[in-house]
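Step one of this worksheet: look at the structure below.
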Amino acid sequence: MVQMSRRMFLLGASAAAGAMALGGPVGCARPGVAGNPVGPGAEAVRRLEAQRRTTGQAVVAAQVTARPVQVDLGGTVVSTWGYGDTLPGPLLRARAGDLLQVRVDNRLEADTSIHFHGIAMSNDMDGVPGLTQEPIVAGESFTYEFTPPHPGTYFYHSHTGLQLDRGLYGVVVIDDPAEPGGYDDEWVVVLDDWVDGTGRTPDDVARELGMPAPGRLAPRAGGMGSMMDHGAMGGMGSMMGAESMRSDLLGGAGDVNYPYYLLNGRTPVDPVTLTAAPGQRVRIRLVNAASDTAFRVGLGGHAMTVTHSDGFPVSPRNTDAVLIGMGERFDVLVTLADGVFPLYAAAEGKPGHAVAVVRTAAGTATTDTRPGELDRRVLLGTALSPAEQVRLPRRSHDNYLSVDMGGTMAPYRWMLNGATFPDTAPLTVAQGQRVRMRLRNMSAMFHPMHVHGHTFALVDGGARKDTVTVRPMQTVEIEFDADNPGQWALHCHNAYHQEAGMMTTLSYRA
Ligand SMILES: [Cu+2]
């Protein structure tokens, strides 16, 4: 028997409150849609997945074990939670249209879940406990089974508490059987900010920030929050060397200073080496799996061509560096010169970096110097245009939704439309609608906003994305077709903001 969790119950209550608020003081920007929530088990959800499945569909089966593990970050061994022995977890790979079956064995002493970030999958497989499934409790297993409809670079991670800020993440590549390729090699590069096992856990960090203990909804007054505001961070940054002072494209750092930044699980003390031959063209799939850190990424001595953003092709753009928020992915092409070069990911607004050695010849690597590329042309996802074949067709919208981001550091509280999850009013849509959504950042902190189950378009001809980094006081508008029924999380991909309540639901009604 499936027992309804406390969160599921709260969500139901909040959905009812949202329905009562229709036409109420939430204002003209949220007309809302009447009707009952289309749940993850609804017929409409089952029917759509049945349409995605085809006869003769290939089945790709994988298995991951979430468990406590010791990992060598490069001279530093930490105790953490991971998917098996490796950090990141195993690479999952299938083709668009295949049936992907991922069994998760939970060997943690805690509930868990997996979200396949960016994939427009069946709602019941989206991995959000309390919203699309019950938690996978300690000792239990769960098999995620779905048909990924679109090729691209995605990632999977725990969607439970602050587990993402441990080692519970990995990459999913969905290949395009029709893609021409045009490159000699492919590297998957995962960036992360790291604290777990260094004397603190992510839960300790949350306490330092002044976040209420898990299960407590009321924010706790005081705590370390007042010491961690952005003024104080700026002061700390300036004491930590010049590296931190050059980065301000996002108008500030995150909320947490980390002891380590990782590229494919390694610190700069003992980085990974990526080898190729001079003149070869390499596709680099860049994934930011960090919880509180945006990265500015460039390859010393090289320009790069951005070909994809959040899995979807873009009109190719040449740049020297990209700025990648948490949850975002960029695919870039580089033609490699002869020598040894740093693939350098500076923590934006913070001291520290992650790095890999790119080697096409013998010689010594210099990996501790920030390459000049990072301070030339720096591309943000909001500057990209879509490739023609994925451009969202022009159409007037049927539903305009507004999401205001705000928060305070003391108490540590991050909100959408003035409320914290699960008290946020759902954003209601009906299947078939063209939805336009205003994401308005009313805070002094950047927020990578992520919509589950859909790849939206930035309005006025912008790229297709599922995560868009919204700078302080910036407004971004997005559009998408409501074509994937269910209950979908919509949240900031700063793990601490999300855990502090910066989440709501995109709620299909019928
Ligand atoms: Cu945020």
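Key figures
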quantity: Condition met for ALA444 (in contact with a helix residue (DSSP H, G or I) (Cβ under 8 Å, 6 or more places away or on another chain), surrounded by fewer than 23 Cβ atoms within 10 Å (Cβ to Cβ) and not assigned by TED's automatic domain parsing to the domain that holds HIS157); calculated: yes
quantity: Qualifying positions in the range 399-409 - at pLDDT 95 or above and open to solvent by 20 Å² or more (accessible area, probe 1.4 Å); calculated: TYR400, ASP404
quantity: Enumeration of residues in the range 456-492 that are within 11 Å of the ligand (Cβ to nearest atom) and either open to solvent by 20 Å² or more (accessible area, probe 1.4 Å) or not in a strand (DSSP E or B) (or both); calculated: PRO472
quantity: Residue match in the range 109-123 (condition: within 25 Å of HIS493 (Cβ to Cβ) and in a helix (DSSP H, G or I)); calculated: yes
quantity: Selection within the range 400-455 - of a type in the set (Gly, Ala, Ser) and either farther than 23 Å from ALA482 by Cα or within 14 Å of the ligand (Cβ to nearest atom) (or both); calculated: GLY406, GLY407, ALA410, GLY418, ALA419, SER443, ALA444
quantity: Selection status of THR198, polar (S, T, N, Q), surrounded by fewer than 22 Cβ atoms within 10 Å (Cβ to Cβ), out of contact with any helix residue (DSSP H, G or I) (no Cβ under 7 Å at 6 or more places or on another chain) and in a loop (DSSP other than H, G, I, E, B); calculated: yes
quantity: From ALA303, ALA290, ALA276, residue being open to solvent by less than 10 Å² (accessible area, probe 1.4 Å) and of a type in the set (A, V, I, L, M); calculated: ALA290
quantity: Test: residue in the range 167-190 that is touching an Asp or Glu at 6+ places or on another chain (Cβ under 6 Å) and assigned by TED's automatic domain parsing to the domain that holds PRO135; calculated: no
quantity: Any hit, the range 32-44, residues being more than 21 Å from THR132 (Cβ to Cβ) and crowded, with 16+ Cβ neighbours inside 10 Å; calculated: yes
quantity: Any hit, the range 78-93, residues being open to solvent by 10 Å² or more (accessible area, probe 1.4 Å) and farther than 20 Å from VAL171 by Cα; calculated: yes
quantity: Evaluation of LEU274 against (1) part of a loop (DSSP other than H, G, I, E, B); (2) more than 18 Å from the chain's Cα centre (by Cα) (one fails), failing number; calculated: (1)
quantity: ALA495 surrounded by 24 or more Cβ atoms within 10 Å (Cβ to Cβ) and within 16 Å of the ligand (Cβ to nearest atom); calculated: yes
quantity: Qualifying positions in the range 410-434 - part of a strand (DSSP E or B), aliphatic (A, V, I, L, M) and buried (at least 22 other Cβ atoms within 10 Å of the Cβ); calculated: MET415, LEU416, LEU427, VAL429
quantity: Only one of ARG395, ARG370, ARG376, ARG391 that is open to solvent by less than 40 Å² (accessible area, probe 1.4 Å) and more than 16 Å from the ligand (Cβ to nearest atom); calculated: ARG370
quantity: Near pairs, Cβ below 8 angstrom, 6+ apart or cross-chain, from the range 134-150 (without any contact (Cβ under 8 Å) to a residue 60 or more places away in the chain and surrounded by fewer than 16 Cβ atoms within 10 Å (Cβ to Cβ)) to any residue that is part of a loop (DSSP other than H, G, I, E, B) and among the small types (Gly, Ala, Ser); calculated: ALA138/ALA110
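The values are calculated or read from the model by the stated rules, or taken from the named source; none is laboratory data. Since this is a predicted model, take the numbers as computed values, not measurements. Here the Cβ is made from the backbone with ideal geometry for all residues, glycine too, and neighbour counts use every protein chain on show. The accessibility values were calculated without ligands, DNA or RNA, using every heavy atom of the protein model including side chains. Shrake-Rupley method; radii C 1.70, N 1.55, O 1.52, S 1.80 Å.
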